[in-house]
């Protein structure tokens, strides 16, 4: 079943602008992770935020987590053409009975125009 | 330290043939996950394995699909009697521990095309 749902499905911005992507999920989680996928490639891990954290930064990335609303956002500041990719959130739902696995959303396709 | 290696990169099969997809996890990683991705879709979990054990195969179709992660050698995802609907990108990922504490490292995927 789909745990995370990203919003928007697609986003097109100009280089230098900020890009914000949102993710909503359904069940309690241990952590939430964001991944990036370039066309035709595997996913690359960007950032992990634990359920007891509210915000995390990594370079031009800023992730927030609101467990009361079961939502997260990924902000990419000062975007570059090289940031063009699909971005996925993934959650590690609690209570999987020992089978800890990540459940992915459908992703946001980001296009950064030069 | 080489990343997660998947082969082949592209695999073409005719309906009814068998497909074998291989995945070598990163050195030191004992947890392997297989995911399937359809065009413009997210990744759908298929199976989670540790060395010589299937931990969770709840995402695997009940028939024709099997997976293994032997003591020696790569993890194998096997699809028997392939049908056109099996056409997809299959990704393997590995981690050194459980994902409540760890991130996943992904391979580049195998693109399976069934004619």
Q) Do the conditions hold for residue A:106, that is, is it within 14 Å of chain B (Cβ to nearest Cβ) and without any contact (Cβ under 8 Å) to a residue 12 or more places away in the chain? A) no
Q) What strands (runs of 3 or more DSSP E), lying completely within the range A:1-86, carry at least 1 residues that are closer than 19 Å to residue B:33 by Cβ? A) A:29-37, A:43-50
Q. Going through the range B:41-50 one residue at a time, which ones are outside any strand (DSSP E or B) and either within 14 Å of the chain's Cα centre (by Cα) or surrounded by 18 or more Cβ atoms within 10 Å (Cβ to Cβ) (or both)?
A. B:42
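Each reported figure results from applying straightforward, stated rules to the coordinates on display, with no laboratory input. These numbers come from a predicted model, not from an experiment. Cβ sites come from the backbone with ideal geometry, for glycine too, and all protein chains shown count toward neighbours.
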